[in-house]
Every structure is written in C-alpha cells, then in structure tokens.
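Note sheet for the following structure.
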Amino acid sequence: MATENYLLSILQLEEQGLRVTLTQLAEQLRRLPVGEGLGTSLSSVAGMVRRMAREGLIEIAPNKDVVLTPRGRKSAEDMVRRHRLAERMVVDLLGLELYKAHVEAHRLEHAISPELEEKIAARLGNPTTCPFGHPIPGSGYVPSKHNVRLDRAKEGQELVIDRVPEDDQSLLRYFVTSGLIPGQHVVVKEAAISRGVITLLCNDREVVFSYGVAARIWGRPPSESDRAIALSLVGLSALVTLRPSAFHKPPAVRATAPSGPQTSQ
C-alpha cells in the first residue's frame with residue numbers, strides 16, 4: 001500500500017508540472033489522508049525511494065529528481081486510474097458530497113480489482129476525468145492546449161475552471177460552497193501578487209485564496225458555448241429576481257376593508 005501511495009503522489013506532482021524532489025514528495029505525501037499511516041520525514045521518504053529504486057519502479061536523476069521507470073509509470077497510472085474512478089463512483093453513483101470523495105477513494109482504490117475497475121468505468125460511461133477535473137489514465141483524455149494555471153492569470157481574464165486540487169477537504173468545502181468547481185465560469189477580479197492572494201468573481205461572489213493554492217488550479221479560456229451558458233444563467237437569475245411571477249404564482253390576497261387606523265411599526 002505504501003508503494004502505491006508513493007506512485008500516486010509522484011504522478012500527481014508530475015501532473016502539476018513540479019519537480020519530484022524528496023522535499024516535494026514528502027510535502028505531497030502529507031496531503032494523503034491520515035489513515036494511510038505513511039511516514040513523511042525526509043529520512044523516511046529517502047528510505048522508501050531507495051527501496052522503490054531497487055524494485056525498478058523509479059530512478060534517481062543526476063539532479064536528484066525522482067523519475068518513474070516505464071514499469072513504475074504503468075503501475076502509477078493504474079493506481080491513479082483506480083483512485084479517480086473510485087472518486088467518480090462515490091460522487092456520481094452514490095451521491096457522496098464532493099469534498100469527501102478523495103478520502104473515500106483512498107479507502108477503496110487498493111481493493112478494486114481489474115475486473116471491477118472495468119465494470120465501474122462502464123457503469124459511469126467511461127469518464128475521462130475525476131470530479132475535480134483531473135484526467136483518468138487510459139480514458140483517452142485530451143487536455144486543452146490553452147489551459148493556464150490561475151497563479152499566471154491576469155486581472156480581468158475570463159476562465160472556465162478545468163481542475164481543482166482534490167486533497168484538502170477544508171479547501172474543497174470552501175470551493176464547493178462557492179461554486180468553484182470544474183466547468184464554472186469565473187473572472188479574475190484581482191491578482192495581488194504583492195499580497196500573495198488572488199480574487200475571483202464566481203457566481204456573483206468573491207472567492208479569495210493564496211497564490212500557492214492558485215498554482216494548483218487550472219482554467220481554460222471560455223468557448224462560445226461556455227459564454228452562451230453563462231449568459232443564459234445570468235438572464236435566468238435576473239428574470240427570477242425581477243419577475244418572480246414568471247416562475248411562482250403569488251398567493252391569493254383577499255381584499256378587505258380597513259377596520260381602523262393603521263398602526264406604524
């Protein structure tokens with residue numbers, strides 16, 4: 001189980017475009033659920049990395065980066081595929097709250113057999129991403145060439161959220177409550193590099209987080225269909241606000257003669 005979690009963490013760092021150093025790997029491992037019971041000190045991580053190198057799963061590059069071997073990459077992709085299918089299953093089929101999916105998937109991923117994996121994928125309609133927007137290996141996912149990390153976004157830039165970090169429950173709860181999930185249209189209201197925070201407009205409310213978090217969120221330029229959907233939602237919201245009678249029949253009011261002078265409240 002420890003080896004699988006290391007492979008998962010290494011591949012996640014690669015997806016973020018980060019170097020897989022011992023320090024980065026230790027930090028990524030700390031994001032795993034507490035129940036995984038992994039040691040995350042640099043000495044513990046270094047020992048596990050040496051063991052995985054002996055097993056032919058990784059190599060240590062001249063600059064000390066950890067690099068997956070072809071065998072290690074296959075194992076890592078299999079692990080990530082099971083994990084992200086499990087996230088899809090608990091959310092799409094079982095109705096689990098989105099912010100809980102990552103932790104539950106960790107409990108399930110080690111027990112999913114290849115046969116069950118195929119059944120789950122088929123039942124889900126062979127999805128290409130997990131609920132957080134991360135690609136499912138082996139699904140034929142094709143990333144947008146125009147994806148951008150939010151820490152590189154400019155003020156006033158319109159984006160559609162493509163993926164969000166999945167491994168922090170409190171952060172995810174904030175994102176879900178704010179509507180900051182894959183597919184959501186946002187506008188960068190403020191990119192305050194000097195203060196280290198970025199502010200988005202999302203569903204007519206401000207969502208604020210650090211540049212460290214922004215570096216783990218990806219967006220893409222909105223397509224024409226994205227803009228049409230966003231405009232239709234704005235129009236619907238305005239119609240509900242200004243013309244509630246178009247959607248709700250007002251209660252009948254019985255006209256009665258005033259029985260006396262009105263009392264000021």
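The values are calculated or read from the model by the stated rules, or taken from the named source; none is laboratory data. All values reported here derive from a predicted model rather than from experimental measurement. For neighbour counting, all protein chains shown are included, and Cβ atoms are generated from backbone atoms with ideal geometry for every residue, glycine included.
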When residues of the stretch 149-164 are limited to those that are part of a loop (DSSP other than H, G, I, E, B) and buried (at least 20 other Cβ atoms within 10 Å of the Cβ), the one nearest to the chain's Cα centre (by Cα): V164
Which listed residue is modelled with pLDDT under 95 and under 18 Å from H134 (Cβ atoms), from G35, G17, G39: G17
The stretch 35-63 - residue that is part of a helix (DSSP H, G or I) and β-branched (V, I, T) and, of those, surrounded by the most Cβ atoms within 10 Å (Cβ to Cβ): V45
Residue match in the stretch 130-144 (condition: in a helix (DSSP H, G or I) and closer than 25 Å to R30 by Cβ): no
In the stretch 83-116, the residues that are modelled with pLDDT under 95 and of a type in the set (K, R): K100, R107
Selection count where residues are part of a helix (DSSP H, G or I) and surrounded by 14 or more Cβ atoms within 10 Å (Cβ to Cβ), scope the stretch 105-115: 4
A26 vs. criteria exposed (fewer than 15 other Cβ atoms within 10 Å of the Cβ), in the same structural domain as R84 (by TED's automatic domain parsing) and part of a helix (DSSP H, G or I): no
Counted residues, the stretch 64-85 - those being assigned to a helix (DSSP H, G or I), among the charged types (D, E, K, R) and loosely packed, with under 15 Cβ neighbours inside 10 Å: 2
Exclusive hit being among the charged types (D, E, K, R) and more than 16 Å from E15 (Cβ to Cβ), set E118, E166: E118
Candidate set from the stretch 129-148 (those that are surrounded by fewer than 17 Cβ atoms within 10 Å (Cβ to Cβ) and under 16 Å from I161 (Cβ atoms)); member that is modelled with the highest pLDDT: N147
Members of the stretch 200-209 found to be surrounded by fewer than 17 Cβ atoms within 10 Å (Cβ to Cβ) and either touching a strand residue (DSSP E or B) at 6+ places or on another chain (Cβ under 6 Å) or over 23 Å from P131 (Cβ atoms) (or both), listed by number: L201, D204, E206, V208
Residue match in the stretch 1-18 (condition: part of a helix (DSSP H, G or I), of a type outside the set (F, W, Y), over 24 Å from the mean Cα position of the chain (by Cα) and farther than 28 Å from A122 by Cα): no
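Here is a yes/no grid of residues against (1) hydroxyl-bearing (S, T, Y); (2) more than 27 Å from G212 (Cβ to Cβ):
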{"position": "Q16", "(1), (2)": "no, no"}
{"position": "A26", "(1), (2)": "no, no"}
{"position": "P33", "(1), (2)": "no, no"}
{"position": "S43", "(1), (2)": "yes, no"}
{"position": "D65", "(1), (2)": "no, no"}
{"position": "T69", "(1), (2)": "yes, yes"}
{"position": "S75", "(1), (2)": "yes, yes"}
{"position": "L108", "(1), (2)": "no, yes"}
{"position": "I112", "(1), (2)": "no, yes"}
Condition met for I136 (touching a Gly at 6+ places or on another chain (Cβ under 6 Å) and of a type in the set (V, I, T)): no
Selection from the stretch 157-170 of residues that are farther than 12 Å from I217 by Cα and out of contact with any Lys or Arg (no Cβ under 8 Å at 6 or more places or on another chain): Q157, E158, S170
Filter pass, A86 being touching a residue at least 12 places away in the same chain (Cβ under 8 Å) and in contact with a Leu (Cβ under 6 Å, 6 or more places away or on another chain): yes
